[in-house]
Amino acid sequence: MENQTKPVSFFRFEDLRVYHKSLDYFNWIAEQTKSANNYELKVVVKPLMNASLKISLNIAEGSSRHKVQFVAFLKDAKTAVRECVVIATLANKIGVFSDEQFNQSNDTLVEMTKMIGAMIVSLQRNTMRDENEVKPDFNSSTEIEFEY
């Protein structure tokens, strides 16, 4: 029988559920707005797709950085989520999104915000723990014995 464990991706962000949720949201927007006219495409669809893409891109880029930098990229991803909220609201107001589509969009964006927020808290907690670890002071007069 073959090993049935899921292989770990080369790129860390590919293992993050929120990354896949952001890609799904981008695809959902594309599917929901297929019939948009040129005005709607220009005013809300393209900006919404760009903002949703920024969510995925910030998660991907931040995952390759140090924890503190990753937190900053995740905060940028949350900013992009909020941009999506505003643009989706406009899409609803001008008739590109029905109320049902708007609610689906909003539910997904709320979920992504919570997921990203939880990641930020976790990374900040781990960073604080790393900074508070007791580390040996090699500049002090304490002798350290090594066994050979």
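If a residue has to be assigned to a helix (DSSP H, G or I) and either more than 16 Å from Val85 (Cβ to Cβ) or free of Cβ contacts under 8 Å to residues at least 40 places away in the same chain (or both) to count, how many in the stretch 44-65 make the cut? Full working, then the answer.
Applying the first criterion (assigned to a helix (DSSP H, G or I)) to the stretch 44-65 yields 44-62.
Next, only the ones that are either more than 16 Å from Val85 (Cβ to Cβ) or free of Cβ contacts under 8 Å to residues at least 40 places away in the same chain (or both) stay: 46, 49-54, 56-62.
Count: 14.
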Is one or more of the residues making up the stretch 20-32 surrounded by 17 or more Cβ atoms within 10 Å (Cβ to Cβ), of a type in the set (Phe, Trp, Tyr) and modelled with pLDDT under 95? no
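Can you report the number of residues in the stretch 106-123 which are touching a residue at least 24 places away in the same chain (Cβ under 8 Å) and buried (at least 16 other Cβ atoms within 10 Å of the Cβ)? Lay out the reasoning, then the answer.
Residues of the stretch 106-123 that are touching a residue at least 24 places away in the same chain (Cβ under 8 Å), as a first pass: 108-109, 111-113, 115-117, 119-120, 123.
Pick out the ones that are also buried (at least 16 other Cβ atoms within 10 Å of the Cβ) and you get 108-109, 112-113, 115-116, 119-120, 123.
Qualifying residue count for the region: 9.
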So how many residues does the stretch 86-104 have that are within 18 Å of Ala30 (Cβ to Cβ), free of Cβ contacts under 8 Å to residues at least 60 places away in the same chain and assigned to a helix (DSSP H, G or I)? 7
Within the stretch 91-148, take every residue that is more than 28 Å from His20 (Cβ to Cβ) and among the small types (Gly, Ala, Ser) and give me the one that is modelled with the highest pLDDT. Gly95
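Taking Ile59 as the residue in question, decide whether it is under 14 Å from the mean Cα position of the chain (by Cα), among the β-branched types (Val, Ile, Thr) and farther than 19 Å from Gln104 by Cα.
Details: under 14 Å from the mean Cα position of the chain (by Cα): yes; among the β-branched types (Val, Ile, Thr): yes; farther than 19 Å from Gln104 by Cα: yes.
Taking the combined requirement at face value, the residue satisfies it.
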Kindly list the number of the only condition in (1) touching a residue at least 24 places away in the same chain (Cβ under 8 Å); (2) assigned to a helix (DSSP H, G or I); (3) more than 21 Å from Thr89 (Cβ to Cβ) that fails for Trp28. (3)
Do we have any residue at all in the stretch 66-77 that's of a type in the set (Val, Ile, Thr), surrounded by fewer than 18 Cβ atoms within 10 Å (Cβ to Cβ), in a helix (DSSP H, G or I) and in contact (Cβ under 8 Å) with a residue 24 or more places away in the chain? yes
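Using the structure shown, decide if Phe11 is over 18 Å from Asn103 (Cα atoms), within 15 Å of the chain's Cα centre (by Cα), of a type outside the set (S, T, N, Q) and surrounded by fewer than 18 Cβ atoms within 10 Å (Cβ to Cβ). First the steps, then the outcome.
Numbers: over 18 Å from Asn103 (Cα atoms): yes; within 15 Å of the chain's Cα centre (by Cα): yes; of a type outside the set (S, T, N, Q): yes; surrounded by fewer than 18 Cβ atoms within 10 Å (Cβ to Cβ): yes.
It is true that Phe11 is over 18 Å from Asn103 (Cα atoms), within 15 Å of the chain's Cα centre (by Cα), of a type outside the set (S, T, N, Q) and surrounded by fewer than 18 Cβ atoms within 10 Å (Cβ to Cβ).
Can you tell me which residues in the stretch 7-23 are part of a helix (DSSP H, G or I) and either touching a Leu at 6+ places or on another chain (Cβ under 8 Å) or without any contact (Cβ under 8 Å) to a residue 60 or more places away in the chain (or both)?
Let us first name the residues in the stretch 7-23 that are part of a helix (DSSP H, G or I), namely 12-15, 17-23.
Answer for the stretch 7-23, where residues must be part of a helix (DSSP H, G or I) and either touching a Leu at 6+ places or on another chain (Cβ under 8 Å) or without any contact (Cβ under 8 Å) to a residue 60 or more places away in the chain (or both): Arg12, Phe13, Glu14, Asp15, Tyr19, His20, Leu23.
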Which one of Ala88, Ala72, Ala77 is modelled with pLDDT of 95 or more, farther than 24 Å from Tyr39 by Cβ and more than 10 Å from the chain's Cα centre (by Cα)? Ala72
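The values are calculated or read from the model by the stated rules, or taken from the named source; none is laboratory data. Remember, it's a predicted structure, so these values are computed and weren't measured experimentally. Quick reminder, even Gly has a Cβ in these numbers, built from the backbone with ideal geometry, and neighbours come from all protein chains shown.
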